[in-house]
Each structure stands twice: as structure tokens, then as C-alpha cells.
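Peer 1: I am attaching a structure below and will ask some questions about it afterwards.
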Amino acid sequence: MPADRIAAVASLAHRRGFAFPSGEVYGGQPVAWDYGPLGVELKEHVRRQWWRTVVQHRDDVVGLDAAVIQARPVFTASDLLDTYTQTRVRCRACDLTQPLDRIVEAFTVRREQPAAALAELACPSCGSRGSFTDPQRVSGLLEVSPDRPGSPDRYYLRPEAAPGTFVNFANVMIAARKKPPFGIAQVGRVFRNVVGPGEFLLRSHERERMELEYFVEPGSDDDWLEYWAQQRWDWYVDLGLAPQQLRRTEVPLAGLPQHAKRIVEIEFRLGGAYQEFVVLEGITNRADYDLTAHAKHSGADLSYFDQDRGERWVPYAIEPAADLTATVFALLLAAYDEDEAPNTKGGVDKRTVLRLDPRIAPVKVAVLPLSRNADLSPKARDLGAALRRRWMVEFDDSQAIGRRYRRQDEIGTPYCVTVDFETLTDDAVTVRDRDTMAQQRVSLDQVERYLLERLPPS
Ligand SMILES: [Zn+2]
């Protein structure tokens, strides 16, 4: 295993097309990433797994896709305009801007005591002492200026999906004929004007989130928070993150934002130079903070009339909010492995393999003719075309078969199907398993069924 696992994964991601520095031909932006062909598939599969588990498999959760650009009142009521800020300092020696709390925290951990003054702190990047500018508090929201004639409002890109969900609470409840407990789910991009040395994909102003607001009767909220914390933990484990790589933490009461009654976090051990852990998900009890605030600011009625009890109450919101970007990164890191594979010369080659769960592997099946041949290639192409109706399939007939296996292992393709010269007489192919490298002869008319039994729906 490489000493620097993050660097190995970042290199693989670039080489094979999971993610590139954004606008690389112009030197790349330091805080943005462009997802390549395989990254798009991986991300989409993870998102779909979340949607399946949280929305499709349940009858108490429905979906929503609210606008990314929202007007100022939406954020004022959500308390984001005032509280979502970051205090930063710039190092005069190396010009790097960094969040103050990160530097203070590093100092405190190292010295086991808090710093008395800013001058005591060393720059984590260049090591200079006393080189920081005065701290500056900036909004975490990114303001945009759409041309909307007649509107005096100011507009912002959403830093989380939640505000769009809360303002649609009554619309969705009535249209979908739901009553608490029920949930509204949203996935999509969010934008944050925060800086910070993060690892690889985490170093970005743009994140993708998978958020659920689950509305419950006040008094049942503690139990529902526990329920969702467990559900979400199990989801990560089911998708391939080992429990020993995860950590459940409780945000201390003193550190809770105004809108939260309690926050439980699920973190993944990154082991990076900048970041030891990354938060995959926060499960927050927001109580009735948001619905009450939006009702007050908008004048709309955002309560629920409980016919059984003959009274009206404002539901509490339990919010399991997952960071899709961090989850994709964690899954890549956890799946990265190096082992040895036998080669044709009787020895072994080092191989890199992504042990991704088949449900999230970008390519499900590779179809490989043993060699580029006038008889083999058409047969292999036909098989590839047939399987492609069901799965993402790669066809590859260049270079030696061993190298092509290596390429598929490296991107996590669960199955390789090889069409060889025997196929021409026995109408069967060899199916190779990524993890065990075991090969099995399967008749051509059974290949699809064979793969269907092994590739769960994704
Ligand atoms: Zn510096």
C-alpha cells in the first residue's frame, strides 16, 4: 500500500478520468474540479443509491429539486446570512489565505494549550511566524446578480439545499398528501465561499449534497434522530466503508449553531496531511427553527393540523445531510488497493485494483476479444452491444490481454468477459472476477443471466 494513499488516488483519478483540476489547460483553478467520464458515473451511482435508499424504498419520503439561486429573504430567515461566515487570515510571506480556526486548532493540538496572540501562530504552509494579516470575517454565501427587472432583492447561490426544502414544506405536504412523520429529499450542487486547505476533491467551493428533511411530531424528535443516525451509518457500511474507518461524533452543545438542538456527525478517516477526518454527513435536529422562522418572515402558515388531536403544531425537522463529494472521495480511498496478479511469464505483476461495490463501479462489464482478429472482434462487439442495453460496458481490443485486465482492475470494473478462439467452436466465453481473479467458462446465451445474478441493480 502506498504511503500516501491520497496522492495515489488523486493520480489514478487524473490518469483514468475520474477528476481533473478544473480548466487544466489554463493552469487549473486551485479550488475546483471537473469530473471526467468515470467520475460522472461513480458520482451518479452513489447519488442513485442514496435516492433508492432514502426515497424510492420508503413510502414516507418524496423528492424535490428547488432552485439553486434564491432571494435574500430565504437565507435571512434561515439565519444563513448572519451566521454563515468564515474568519480568515492571509500569510504575508506566502500569500496563502487560510481559516483562522484551523490554524488555532493546529497550534492548540501541538502545544496542548491555546495561543495567546496571533503573532505566536506559525503559517502551516510556509512556517513563517507573525506573518498573518488581521483576521477578516467574510460571508460564506456567494452572491450572484441575475438581471431580474423590478426585483429589489439580492440573490445568492444556496450553500445547502435545506432552505429550498423548508420554503416548500406546505406545497409538498399538500401536493403529495403526506403528514408527519414524512420527509422531503433533495440532491444537488451547493456553493460555499469558504477557503481552507482540503484534501483533493474536498478543496472546492462547489459541493454536491444529498439532504433529507424529515418532519416529525415534537417530542418524537430524539428517537427519530437516533433512527436516522443509525440508518445513515448502515448505508455507508453497506456501500463499502468499513466501520473502523468511520467515526460517530457528537457536536458539543457549546458548538451548536442557533438552528440546531443536536448534531451527530459521521466522519471518515482520511489520514491526510491537512485533514485527519472528513465529515460525510451531519444528522441535525433542527427542531422547529426553520419552519417557524420562514412562517414569521413570509406570513405563510407552515404548521400542520393534527386531525387526530384536533390541534395545530409546527413539525420538528430531523436533517440527515450527506456530502456527496466527500462520500465519493471516501469510497475511492477505501476501494484503492494494491496486490499481485499472475502474468503470462509465470511470475507476478503488481496490480492496482479499485474494490468498488459493483453497484457504484463506473463500468460494470468489459468485453475483451483475446486478440484483434477478424473472427473474434465482431463476435465480441455483438456481445458488447447486447450487454450495453443493461449496463455501462467497455469494449477494448488493444494490447495484450493482461494489460487490459490491469486497466479494468484499476477502474474497478467487476467483470471482464473474454471472447477467445474456443468461443468460435463452443459458443462460450470466459468471465473473470475482479477481486478473486477467478475465471469461469459461461455459455454465450447465459452470459447476461450470469451477470444479472451478480450485478445488483444500480
Ligand atoms: Zn505562509
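Peer 1: Can you tell me what share of the DSSP beta bridges in the chain is antiparallel? A percent to the nearest 5 is fine.
Peer 2: The antiparallel proportion sits near 85 percent.
Peer 1: Can you compute the helix-only [θ] at 222 nm over the chain? Use -39500 (n - 2.57) per DSSP H run of at least 4 residues, normalise by all residues, nearest 500 deg cm²/dmol.
Peer 2: The helix-only estimate for the chain comes to -9000 deg cm²/dmol at 222 nm.
Peer 1: Assign unit charges at the C-beta atoms only (+1 for Lys and Arg, -1 for Asp and Glu), then state the dipole size of region 382-428 relative to its Cα centre in Debye, rounded to the nearest 20.
Peer 2: Value, rounded to 20: 320 debye.
Peer 1: Now, a different point. Counting pairwise Cα distances across region 82-191, what percent come out greater than 21 angstrom?
Peer 2: Summing the P(r) of region 82-191 above 21 Å gives 60 percent of all pairs.
Peer 1: Let's test the formula: R0 of 22 Å, r as the Cβ-Cβ distance of R48 and D234. What FRET efficiency results, to the nearest 0.05?
Peer 2: Given R0 = 22 Å and the Cβ-Cβ separation, E is 0.80.
Peer 1: Work from the charge dipole of the chain (Cβ charges, +1 for Lys and Arg, -1 for Asp and Glu, about the Cα centre) and give the residue of Q440, F395, W233 farthest towards its positive end.
Peer 2: Ranked along the dipole, the leading option is F395.
Peer 1: Taking the chain as the reference, fit the longest principal axis to its C-alpha atoms, fit the long axis of helix 5-16 to the helix C-alpha atoms, and give the angle between the two in degrees, 0 to 90, nearest 10.
Peer 2: On a 0 to 90 degree scale, this one is about 60.
Peer 1: Sticking with this one: Could you run the Karplus curve 6.51 cos²θ - 1.76 cosθ + 1.60 with θ = phi - 60° over region 178-184 and give me ³J(HN,Hα) per residue in whole Hz, x for Gly and Pro?
Peer 2: 10, 9, x, x, 8, x, 10
Peer 1: Could you pull out every residue, at least 5 positions away or on a different chain, whose amide H is within less than 5 Å of the one on G183? Hs are placed 1.01 Å off N in the peptide plane, and Pro or chain starts have none.
Peer 2: Hits under the 5 Å cutoff: V61, V62, F215.
Peer 1: Then there's this: Assuming 0.36 nm per residue, please report the length gained on full extension of the stretch A8 to C126 beyond their Cα-Cα distance.
Peer 2: Extra length available between A8 and C126 comes to 40.1 nm.
Peer 1: If a/c stays under 1.5 just call it rounded; otherwise compare a/b with b/c (prolate if a/b is bigger, oblate if not). Do that for region 132-254, with a ≥ b ≥ c from the square roots of the Cα gyration tensor eigenvalues.
Peer 2: It is oblate, given that a/c is not under 1.5 and a/b is not larger than b/c.
Peer 1: For region 23-95 and region 161-179, compute the distance between their C-alpha centroids and round to whole Å.
Peer 2: 21
Peer 1: Would you work out if region 277-416 is rounded, prolate or oblate? Take a ≥ b ≥ c from the square roots of the eigenvalues of the alpha-carbon gyration tensor; rounded if a/c is under 1.5, else prolate when a/b is larger than b/c, oblate otherwise.
Peer 2: prolate
Peer 1: When the expected Rg is taken as 2.2 N^0.38 Å, what fraction or multiple of it is the alpha-carbon Rg of region 224-338?
Peer 2: 1.33
Peer 1: Under 14 Å from the Cβ of D60, count the other residues' Cβ atoms, weight Lys and Arg +1, Asp and Glu -1, and hand me the total.
Peer 2: It works out to a net charge of +1.
Peer 1: Once the convex hull of the C-alpha atoms of region 363-454 is built, how many Å³ does it hold per residue, rounded to a whole number?
Peer 2: In region 363-454, the Cα convex hull volume per residue is 82 Å³.
Peer 1: While we're looking at this one, here's another question. Using only the C-alpha atoms of region 263-313, find the volume of their convex hull and express it per residue in Å³.
Peer 2: 109
Peer 1: What angle do you read, to the nearest 10 degrees and between 0 and 90, between the alpha-carbon axis of helix 289-298 and the longest principal axis of the chain?
Peer 2: 60
Peer 1: Another question, if that's okay. Stokes-Einstein diffusion coefficient for the chain at 10 °C in a medium of 1.306 mPa s, Rh from the Kirkwood formula over Cα pairs: what value in µm²/s?
Peer 2: 64
Peer 1: Then there's this: Report the Stokes-Einstein translational diffusion coefficient (µm² s⁻¹, integer) for region 8-133, Rh taken as the Kirkwood radius over Cα pairs, at 37 °C with viscosity 0.692 mPa s.
Peer 2: Answer, rounded: 170 µm²/s.
Peer 1: Sticking with this one: So which lysines can K350 reach, going by Cα to Cα under 29 Å and dropping same-chain residues fewer than 8 places off?
Peer 2: K43, K364
Peer 1: Could you tell me which Cys residues in the chain have no other cysteine's Cβ under 4.7 Å from their own Cβ, answering none if every one has a partner?
Peer 2: C416
Peer 1: Right, next: Counting only other residues whose beta carbon sits under 15 Å from that of A300, what net charge do I get with K and R as +1, D and E as -1?
Peer 2: -1
Peer 1: Suppose every Lys and Arg Cβ carries +1 and every Asp and Glu Cβ carries -1, with no other charges. What dipole size does the chain come out with about its Cα centre, to the nearest 20 debye?
Peer 2: With only Lys, Arg, Asp and Glu charged at Cβ, the dipole is about 920 debye.
Peer 1: If you take every residue apart from P146 with its C-beta less than 12 Å away from the C-beta of P146, what net charge results, scoring Lys and Arg +1 and Asp and Glu -1?
Peer 2: Charge balance near P146 sits at -1.
Peer 1: Still on this structure, please answer the following. Taking square-rooted eigenvalues a ≥ b ≥ c of the alpha carbon gyration tensor, is region 220-266 rounded, prolate or oblate, where a/c under 1.5 means rounded and, failing that, a/b exceeding b/c means prolate?
Peer 2: Judged from the Cα gyration tensor, region 220-266 comes out oblate (a/c at least 1.5, b/c at or above a/b).
Peer 1: How far is it, in nm, from the label point at Q446 to the one at Y26 when both lie 7 Å from their Cα along the line to the Cβ?
Peer 2: The modelled label-to-label distance comes out at 5.6 nm.
Peer 1: Apply the Karplus parameterisation 6.51 cos²θ - 1.76 cosθ + 1.60, with θ equal to phi minus 60°, to every residue of region 240-247 and state each ³J(HN,Hα) to the nearest whole Hz, in sequence, with x for glycine and proline.
Peer 2: x, 9, 5, x, 6, 8, 9, 9
Peer 1: Residue by residue through region 386-402, which ³J(HN,Hα) values in whole Hz follow from phi under the Karplus form 6.51 cos²θ - 1.76 cosθ + 1.60 (θ = phi - 60°), with glycine and proline marked x?
Peer 2: Residue by residue, region 386-402 yields 5, 6, 5, 5, 10, 10, 6, 10, 10, 10, 9, 10, 9, 6, 5, 4, x Hz.
Read the figures in this text as sums done on the coordinates, not as results from a lab. No experiment lies behind these values; they were computed from the predicted model shown. Heads up, the Cβs are rebuilt from the backbone with ideal geometry, glycines too, and the neighbour counts pull from every protein chain shown.
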